[in-house]
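S.K.: Attaching a single structure in structure tokens format; questions to follow.
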Amino acid sequence: MVRLSVRKFFESEKASGLLLIASALLALLATNSPLSSLYDSFLHLPFSVSFGPLHLSKPLLLWINDGLMAVFFLLIGLEVKREIFEGQLSSISRASLPLVAAVGGMVVPALIYVAINRGDPASISGWAIPAATDIAFSLGILALLGDKVPKGLKTFLLAVAIIDDIGAIAIIALFYSGDLSLISLLLATLVLGILILLNRVRVTRIAPYVILGSLLWVCVLKSGVHATLAGVALAFCIPLKGKDGREPSPLRMLEERLHPWVLYGIMPLFAFANAGVSLSGLTLASLLSPVPLGIGLGLFLGKQAGIFLFSWMAVRYGIGGLPDGVRWRDIYGLSLLCGIGFTMSLFIGSLAFEQGGLTMERAVRLGVLSGTLLSAVTGYFFLKAVLRNNRRGE
């Protein structure tokens, strides 16, 4: 039963990874075809919601990035909470190696970006873009390799990516929030306090959390803190266990319900809305300009160097040990795959250069797509060759 559920999970990741690729390609085709004006009109379609005196009006692109991505971060938060209390991050011995690897995978790419863009104060704010790893995309590419992949390598990638997401969440909260509204922050704190109280008195029905979570999202949206963080805060308020330990876990139930909607709906829609970049006039010079070069090299070189070297140091100095059945060449191949930034990198890029206009938006997309493509292709073929040699050796 356990093997069946694990296989089913990674098969779903495989399908979602392929769907993400298809969505990105569709966005590129739409942007570079006679349909480009229709594509832009779709993303800037005004959409309004009113409830009494409350009125929210945003273009569709911002509803996707601020609204639907809050649901994405809710799912990420649920996965993080479960892993912290019951999974790979529940003990120091199990979490130490992926924790050190993830830190290296965030620090080195950021340093590469800063080194390339250090002379330009306008572009330096994008330092966190190459620090992110796309869980679904990287797991999807790994799943394409089939059952030859050691289970320990899959688990290690999942743990590194989850810790990476925790880092990305912290970065968004600390560095990419706007002017703060004290009243909205106080209201958000009040709603969050009620959610925590519901958890403490063991309210296990999901509906009250969803209703209050929606109100929390509105308060956070108006506060200046990025609205997606409301999803993470809500996730940590969802009870992990049912009443008396006999009822089903509310957290697991919500995670299972959200999983297909996020993987097959929200993430492909986000990819379609954010991966469209015009290739007209594209030259080698535009790819080698500081912002796309810093992002591309940060993802492709920074991720592999940071994760592999920090993992080696962790094992060398006894901080952690390699997972069972995993060799150093497997870890290097996985480090390559972690350069797939895509969803999280595009999202952080939209925050870093929110006022940067179309020029910065194009630069970010070029860097993310080039770094992700290089990492995905080299990681896949390197691991394919390594796993084939492993099997022959056995």
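The values are calculated or read from the model by the stated rules, or taken from the named source; none is laboratory data. This structure is a prediction, so every number in the text was calculated from the model and none was measured. Here the Cβ positions follow ideal geometry from the backbone for every residue, glycine too, while neighbour counts run over all protein chains shown.
S.K.: Testing ALA102 on (1) at pLDDT 80 or above; (2) not in a helix (DSSP H, G or I); (3) not hydroxyl-bearing (Ser, Thr, Tyr), one condition comes back false. Which one is that?
M.R.: (2)
S.K.: Only one of (1) closer than 19 Å to ALA70 by Cα; (2) aliphatic (A, V, I, L, M); (3) part of a helix (DSSP H, G or I); (4) in contact (Cβ under 8 Å) with a residue 60 or more places away in the chain is not met by ALA227, so which one is it?
M.R.: Of (1) closer than 19 Å to ALA70 by Cα; (2) aliphatic (A, V, I, L, M); (3) part of a helix (DSSP H, G or I); (4) in contact (Cβ under 8 Å) with a residue 60 or more places away in the chain, only one is false for ALA227: (3).
S.K.: Just give me the residues in segment 274-298 being part of a loop (DSSP other than H, G, I, E, B), closer than 19 Å to SER123 by Cα and either among the charged types (D, E, K, R) or touching a helix residue (DSSP H, G or I) at 6+ places or on another chain (Cβ under 7 Å) (or both), in sequence order. Walk me through how you get there before you give the answer.
M.R.: At the first step, the residues of segment 274-298 found to be part of a loop (DSSP other than H, G, I, E, B) are 275-283, 288-289.
After this cut, where a residue has to be closer than 19 Å to SER123 by Cα as well, the list is 277, 288-289.
Correct list: VAL277, SER289.
S.K.: Another question, if that's okay. So which residues in segment 256-286 are more than 20 Å from LEU26 (Cα to Cα) and among the hydrophobic types (A, V, I, L, M, F, W, C), if there are any at all?
M.R.: Selection gives LEU258, LEU284, ALA285.
S.K.: In addition: Which pairs turn up if I take residues in segment 28-43 that are exposed (fewer than 15 other Cβ atoms within 10 Å of the Cβ) and look for partners that are part of a helix (DSSP H, G or I) and of a type outside the set (A, V, I, L, M, F, W, C) with beta carbon separation below 9 Å, at least 6 apart in sequence or on another chain?
M.R.: Matching pairs, first to second residue: SER33/TYR39; ASP40/THR31.
S.K.: Evaluate the following for ILE162: is it under 16 Å from the mean Cα position of the chain (by Cα) and in a helix (DSSP H, G or I)?
M.R.: On the way: under 16 Å from the mean Cα position of the chain (by Cα): yes; in a helix (DSSP H, G or I): yes.
Considered against the rule, which asks whether it is under 16 Å from the mean Cα position of the chain (by Cα) and in a helix (DSSP H, G or I), ILE162 comes out as yes.
S.K.: Output the residues belonging to segment 23-78 that are more than 23 Å from the chain's Cα centre (by Cα), of a type in the set (A, V, I, L, M) and within 19 Å of PHE342 (Cβ to Cβ).
M.R.: Once the filter is applied, which keeps residues that are more than 23 Å from the chain's Cα centre (by Cα), of a type in the set (A, V, I, L, M) and within 19 Å of PHE342 (Cβ to Cβ), segment 23-78 yields LEU29, ALA30.
S.K.: Just the residues that are loosely packed, with under 15 Cβ neighbours inside 10 Å and over 26 Å from ALA95 (Cβ atoms), please, taken from segment 151-188.
M.R.: GLY178, ASP179, LEU180, LEU182, ILE183, LEU186
S.K.: Just for segment 66-104: of the residues that are more than 21 Å from ILE172 (Cα to Cα) and of a type in the set (A, V, I, L, M), which one is surrounded by the fewest Cβ atoms within 10 Å (Cβ to Cβ)?
M.R.: ILE92
S.K.: Can you tell me which residues in segment 197-227 are at pLDDT 90 or above, surrounded by 13 or more Cβ atoms within 10 Å (Cβ to Cβ) and more than 23 Å from the chain's Cα centre (by Cα)?
M.R.: Scanning segment 197-227 gives LEU198, ASN199, ILE206, PRO208, TYR209, LEU212, LEU215.
S.K.: Across segment 272-298, what is the total count of residues that are free of Cβ contacts under 8 Å to residues at least 12 places away in the same chain and not hydrophobic (A, V, I, L, M, F, W, C)?
M.R.: 2
S.K.: Those residues that are more than 18 Å from ILE163 (Cβ to Cβ) and either in contact with a helix residue (DSSP H, G or I) (Cβ under 9 Å, 6 or more places away or on another chain) or touching a residue at least 60 places away in the same chain (Cβ under 8 Å) (or both), I need them from segment 299-319; list them, please.
M.R.: Of the residues in segment 299-319, the ones more than 18 Å from ILE163 (Cβ to Cβ) are 300-301, 316-318.
Scanning segment 299-319 gives PHE300, LEU301.
S.K.: Inspect segment 118-139 for any residue being among the β-branched types (Val, Ile, Thr), modelled with pLDDT of 90 or more, crowded, with 18+ Cβ neighbours inside 10 Å and under 18 Å from LEU297 (Cα atoms) and give the result as yes or no. It would help to see each step written out before you state the result.
M.R.: Within segment 118-139, the first condition is being among the β-branched types (Val, Ile, Thr), and the residues that meet it are 124, 129, 133, 135.
If we keep only those that are modelled with pLDDT of 90 or more as well, we get 124, 129.
Filter again for crowded, with 18+ Cβ neighbours inside 10 Å, leaving 129.
With the extra rule that they be under 18 Å from LEU297 (Cα atoms), the set shrinks to 129.
Yes, segment 118-139 contains at least one residue that is among the β-branched types (Val, Ile, Thr), modelled with pLDDT of 90 or more, crowded, with 18+ Cβ neighbours inside 10 Å and under 18 Å from LEU297 (Cα atoms).
S.K.: Quick one: which of LEU198, LEU216, LEU269 is closer than 30 Å to LEU374 by Cα and either assigned to a helix (DSSP H, G or I) or free of Cβ contacts under 8 Å to residues at least 12 places away in the same chain (or both)? So that I can check it myself, show each step before the final result.
M.R.: Numbers: LEU198 fails: closer than 30 Å to LEU374 by Cα; LEU216 fails: closer than 30 Å to LEU374 by Cα.
One residue alone meets the criteria, LEU269.
S.K.: Also, I was wondering about something else. Please determine whether any residue of segment 348-367 is in a helix (DSSP H, G or I), of a type in the set (A, V, I, L, M, F, W, C), free of Cβ contacts under 8 Å to residues at least 24 places away in the same chain and touching a helix residue (DSSP H, G or I) at 6+ places or on another chain (Cβ under 8 Å).
M.R.: In the first step, residues of segment 348-367 are kept if they are in a helix (DSSP H, G or I); the result is 348-352, 357-367.
With of a type in the set (A, V, I, L, M, F, W, C) added as a condition, the list becomes 348, 351-352, 358, 360, 363-364, 366.
From what's left, free of Cβ contacts under 8 Å to residues at least 24 places away in the same chain: 358.
Applying the additional criterion that residues be touching a helix residue (DSSP H, G or I) at 6+ places or on another chain (Cβ under 8 Å) yields none.
No, there is no match, as no residue in segment 348-367 is in a helix (DSSP H, G or I), of a type in the set (A, V, I, L, M, F, W, C), free of Cβ contacts under 8 Å to residues at least 24 places away in the same chain and touching a helix residue (DSSP H, G or I) at 6+ places or on another chain (Cβ under 8 Å).
S.K.: Is it the case that SER345 is in contact (Cβ under 8 Å) with a residue 60 or more places away in the chain and within 25 Å of SER123 (Cβ to Cβ)? Can you show your working first?
M.R.: Details: in contact (Cβ under 8 Å) with a residue 60 or more places away in the chain: yes; within 25 Å of SER123 (Cβ to Cβ): yes.
Taking the combined requirement at face value, the residue satisfies it.
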